[in-house]
Amino acid sequence: MTPLRPRLGVITSGSLIEGLTARLEARESVEDMRVGKFVVIRGEKHEFFSMVTDVVLEATSQKVLLDPPSSDAFLHEVLAGTATYGTLELMPRLMLPTDLSQEMLPVKTIPRHFSPVFEAHEEDFIRVFGSEEEGAFEIGQPLDMSVPVCLKLNRLIERSNGIFGKSGTGKSFLTRLLLCGAIQANVASNLIFDMHSEYGWGAPSEGGGFVKGLRQIFGSEVLVYTIDPRSSRHRQHDGQLVIGLDQIEVEDVIAIEQELNLSSTATESSYLLYDRFKERWLRELLDMDSEGIAAFAETSGAHAGAISALKRKLARIARLNFVVDKADFSAVDRLIEALAAGRHVILEFGEHDSALIYILVANIITRRIHRRWVDQTNAAIQSQNNADRPHPLMITIEEAHKFLNTQTARQTIFGTIARELRKYSVTLLVVDQRPSSIDHEVMSQLGTRITALLNDDRDIDAVFTGVSGSSGLKAVLASLDSKQQALVLGHAVPMPVVVRTRPYDEAFYAAMEQTQRKRGAAFPTPQAGVDELFPD
């Protein structure tokens, strides 16, 4: 039972669908009530853990409002709580049985009239969200309290997840927090496609200093690869990846058709080339002269002009400094073995900041990884031995709408992973500032969504795709500050919650490092490379 505490108000009206209305006590100021604040409603059989979704000024008579009193403070005080008062719009999120041994329940009913409303206390949050002592991970604290709000990481990795927010709201810091939690708890391997070199080693902070990367915090548990040999001279790396023209498939071209401005016939032409030349299709295309193109078009039924345009645009790929005619997959194989063994890999793109390069490389590597996990999962199913199932893998992609927009999500490996959920133990962590550009089917499959401030109505609507009772939450999301605040909802938390996100600072590093030492991990070994982990 909720301990004795000051009463904020009482329930006066409401419904299960629309939410409840509570009248504030006369002594309570509406200015102390914030959207996103949590309260507990004490019913006869349950306590209802609820969120404030709106604060409203009311009056017992319209006459008071038609003839407002003067600026006399005494008169204002006399009217407050009698002729004028404040109300709270509340959305119950969980029913807490009065017997602490029983489990929390989803809200299926509402409390009766005049049920008292109290401010939620620390013990309420621990009961609802758990604690780090119970194996959860602290993501932040409520806006008006110093109480940990925790994610259940084992539930987080069961589905793909998303981190959203407009530019400058701290998406990268939120992503680091979540990745640190997953690495610390060892619930899944992590593959991070690091487009801006922010996650492996130290990166600049908005305050002018530097923050630690995952390799600096977790040592040799995190490996850092690169596709940019020039950047590798300035940063410690465990390996360099190259891509062969013979390793690029038609699905990879589909993924970058927007960046290359390919015509609607490009996919069909690519498949005709692949049918003829198999894995050599791209090399053969680039070697064709005008006569060769005409001859191929005549024998295959392709359009010569379309083949010429495709050759001209795909020639950009061959000019990239990490692309060669033929390459084996030894570096990628070692990367995959590290992931399968429970390590974590960051692939840096160095000075390559083109979306075309980012999408091409991520698609090629992820497609090969997905095949490995699918084959191993199917083998485990056939043998009926769960011990043979692959270690769960979470793949982090920034600028996610480039991979998961409506046009490409149904044709690329990332769309496949998002739709399959955890069937093959591979999930996505999508990071994006324009969730409205991500395919609706993919958005509906995201289990947990951590969202910083968004201003565009389409983006706000997209975040709540597939979420019931989202009208009040939209108002909560629109009221967030532009820094260090986020709305967390979905599979890894028992109810939506607005948090002041956990600082990514020296205290956080120390907490992560202490956990590593308790686990006996090799820390710190910032120079340890892949050869030490997987010697020839």
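One line per residue, one yes/no per condition, for (1) part of a helix (DSSP H, G or I); (2) at pLDDT 90 or above:
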| position | (1), (2) |
| --- | --- |
| Leu339 | yes, yes |
| His352 | no, no |
| Leu356 | yes, no |
| Ala387 | yes, no |
| Met394 | no, yes |
| Lys402 | yes, no |
| Thr406 | no, no |
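Any residue that is within 29 Å of Ala338 (Cβ to Cβ), surrounded by 17 or more Cβ atoms within 10 Å (Cβ to Cβ) and either in contact with a Pro (Cβ under 6 Å, 6 or more places away or on another chain) or modelled with pLDDT under 90 (or both) - is there at least one of those in the stretch 452-467? No, the stretch 452-467 contains no residue that is within 29 Å of Ala338 (Cβ to Cβ), surrounded by 17 or more Cβ atoms within 10 Å (Cβ to Cβ) and either in contact with a Pro (Cβ under 6 Å, 6 or more places away or on another chain) or modelled with pLDDT under 90 (or both). Give the residue that is surrounded by the fewest Cβ atoms within 10 Å (Cβ to Cβ), with candidates limited to residues of the stretch 321-336 that are farther than 13 Å from Gln247 by Cβ and of a type outside the set (Lys, Arg). The extreme case among them is Asn321. Residue check: Asp375 meets all listed conditions (1) within 17 Å of Gly165 (Cα to Cα); (2) part of a helix (DSSP H, G or I); (3) more than 15 Å from the chain's Cα centre (by Cα) but one, namely (1). Count of the stretch 97-126 residues, restricted to those that are of a type in the set (A, V, I, L, M) and more than 32 Å from the chain's Cα centre (by Cα), is 3. Scanning the stretch 293-342 for residues that are touching a helix residue (DSSP H, G or I) at 6+ places or on another chain (Cβ under 6 Å) and basic (Lys, Arg) yields Lys311, Lys313, Lys326, Arg334. Just name the residue that is modelled with the lowest pLDDT out of those in the stretch 23-44 that are within 37 Å of the chain's Cα centre (by Cα) and in a loop (DSSP other than H, G, I, E, B). Filtering the stretch 23-44 for residues that are within 37 Å of the chain's Cα centre (by Cα) and in a loop (DSSP other than H, G, I, E, B), the one modelled with the lowest pLDDT comes out as Gly36. Within the stretch 468-494, the residues that satisfy the criterion of being buried (at least 20 other Cβ atoms within 10 Å of the Cβ) and in a loop (DSSP other than H, G, I, E, B) are Leu480, Ala492, Val493. Residues being surrounded by 15 or more Cβ atoms within 10 Å (Cβ to Cβ), under 39 Å from the mean Cα position of the chain (by Cα) and part of a helix (DSSP H, G or I) are entirely absent from the stretch 287-303.
Which is at pLDDT 90 or above, over 30 Å from Asn161 (Cβ atoms) and either among the β-branched types (Val, Ile, Thr) or not assigned by TED's automatic domain parsing to the domain that holds Thr448 (or both), of Ala302, Ala309?
After applying the criteria, what remains is Ala309.
Of the residues that make up the stretch 264-273, is at least one touching a helix residue (DSSP H, G or I) at 6+ places or on another chain (Cβ under 8 Å) and either closer than 28 Å to Thr175 by Cα or in a loop (DSSP other than H, G, I, E, B) (or both)? Yes, the conditions are met somewhere in the stretch 264-273. For the stretch 101-123, the criterion of being among the acidic types (Asp, Glu) and within 30 Å of Leu404 (Cβ to Cβ) is met by none of the residues. Criterion applied to Val361, Val332, Val345 was being more than 24 Å from the chain's Cα centre (by Cα) and not assigned by TED's automatic domain parsing to the domain that holds Leu314, and the one residue passing it is Val332. Filtering the stretch 104-120 for residues that are among the charged types (D, E, K, R), surrounded by fewer than 19 Cβ atoms within 10 Å (Cβ to Cβ) and at pLDDT below 90 leaves an empty set. Is it true that some residue in the stretch 222-238 is more than 32 Å from the chain's Cα centre (by Cα) and buried (at least 20 other Cβ atoms within 10 Å of the Cβ)? Checking the stretch 222-238: not a single residue is more than 32 Å from the chain's Cα centre (by Cα) and buried (at least 20 other Cβ atoms within 10 Å of the Cβ).
Residue pairs whose Cβ atoms lie under 7 Å apart, separated by 6 or more positions or on different chains, with the first residue in the stretch 376-405 and of a type in the set (Gly, Ala, Ser) and the second not in a loop (DSSP other than H, G, I, E, B), are Ala379/Asp388; Ala380/Asn386; Ala380/Asp388; Ala400/Val430; Ala400/Val431; Ala400/Asp432.
Filter the stretch 166-225 down to the residues that are in contact with a strand residue (DSSP E or B) (Cβ under 9 Å, 6 or more places away or on another chain), in a loop (DSSP other than H, G, I, E, B) and without any contact (Cβ under 8 Å) to a residue 12 or more places away in the chain and list them by number. Hit for the stretch 166-225 is Ser205, nothing else.
The values are calculated or read from the model by the stated rules, or taken from the named source; none is laboratory data. Here the structure is a predicted model, which is why all the values come from computation and not from measurement. Backbone-built Cβ (ideal geometry, glycine too); neighbour counts: all protein chains shown.
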